Amino acid sequence: LNALLSAAMALYAHQAEAIIFWLMGSVSSYGGHLGWIVAAVAAVMAVITVFGRDLDVLSLGEDNARYLGLDVARLKWLLLVLVTAMTAVIVSVTGIIGFVGLIVPHCLRRLVGSGHSRLLPLVAVWGGIFLLLADDICRLTGLVSTVPIGVITALVGAPFFLFLLHRERRRWQL
């Protein structure tokens, strides 16, 4: 995929800056499609939240979920398609904004527990708040045209990821 991106940048050199900003992520240009984006995300989130209890059962392990009567293959396929479609809609407009899906769920899981019916809507709301805060940081620096939001989320997310790795390594050593 990196080769395809490089080829696109070479073929469309006049749009290289737009491609680079898409690669780093930005919420400053949604092309007037905000209504469609919100509708798609809300619809998918509503469906996924309905499967919250099934996700709780699945978190016990696939074998246990099967023993409890859950059609694991069907659930995984359905959720994969829904989440992929939702992600594609968002990324097509905002570009690649990393680490939001790592930071926000980990923090909220510690605060509200791991029940998916409650956790999923909160992750959606707090993920949006996290992006707004990162966007505010971009705008406060006065460099909104040179510092995309994906850079800010990566500056916060990379140390958070390293912290999680360190904590997990310590857990395995005990």
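The values are calculated or read from the model by the stated rules, or taken from the named source; none is laboratory data. Owing to the predicted nature of the structure, the values given are computational and were not obtained by experimental measurement. Note that we place each Cβ from the backbone using ideal geometry, even for glycine, and neighbour counts take in every protein chain shown. Keep in mind that these areas ignore ligands, DNA and RNA; they rest on the heavy atoms of the full protein, side chains included. Shrake-Rupley method; radii C 1.70, N 1.55, O 1.52, S 1.80 Å.
Assorted remarks:
- With both labels modelled 7 Å from their Cα along Cα-to-Cβ, the LEU80 to TRP36 distance reads 2.7 nm.
- Taking LEU111, LEU119 and ordering them by how much accessible surface each has at a 1.4 Å probe, largest first, produces LEU111, LEU119.
- When ASP136, ASP56 are compared by accessible surface with a 1.4 Å probe, the order from highest to lowest is ASP136, ASP56.
- Note on ARG171: accessible area approximately 130 square angstrom, rounded to 10, probe 1.4 Å, nucleic acids and ligands left out.
- Karplus 3J(HN,Hα) series, Hz, for the range 67-72 with 6.51 cos²θ - 1.76 cosθ + 1.60 (x for Gly, Pro): 4, 8, x, 8, 7, 4
- One chain, two ends: VAL156 and CYS107. Fully extended at 0.36 nm per residue, the span grows by 16.3 nm beyond their Cα-Cα distance.
- Phi-derived couplings, Karplus 6.51 cos²θ - 1.76 cosθ + 1.60 at θ = phi - 60°, listed residue by residue for the range 151-156: 5, 5, 5, 5, 5, 8 Hz, with x used for Gly and Pro.
- The packing ranking of peptides 16-22, 162-168, 100-106, highest mean first, is 100-106, 16-22, 162-168, where packing means the average number of other beta carbon atoms within 10 angstrom of each residue.
- Förster-model FRET efficiency, 45 Å R0, SER28 and HIS166, C-beta, rounded to 0.05: 0.85
- Here GLN15 and ILE90 are evaluated by their C-beta separation; at R0 = 22 Å the FRET efficiency comes out at 0.60.
- Alpha-carbon centroid distance for the pair the range 71-140 / the range 1-52, whole angstrom: 15 Å
- The chain: calculated mean residue ellipticity at 222 nm from DSSP helix runs of at least 4, using -39500 (n - 2.57): -25500 deg cm²/dmol
- Stokes-Einstein, applied to the Kirkwood radius of the range 1-137 over Cα pairs at a viscosity of 1.567 mPa s and 4 °C, places its translational diffusion at 76 µm² s⁻¹.
- Whole-number D in µm²/s for the range 97-174 (Stokes-Einstein; Kirkwood sum over Cα pairs; 20 °C, 1.002 mPa s): 156 µm²/s
- Of the residues LEU5, LEU34, the one with the largest accessible area comes first in the ranking LEU34, LEU5, computed with a 1.4 Å probe on protein heavy atoms.
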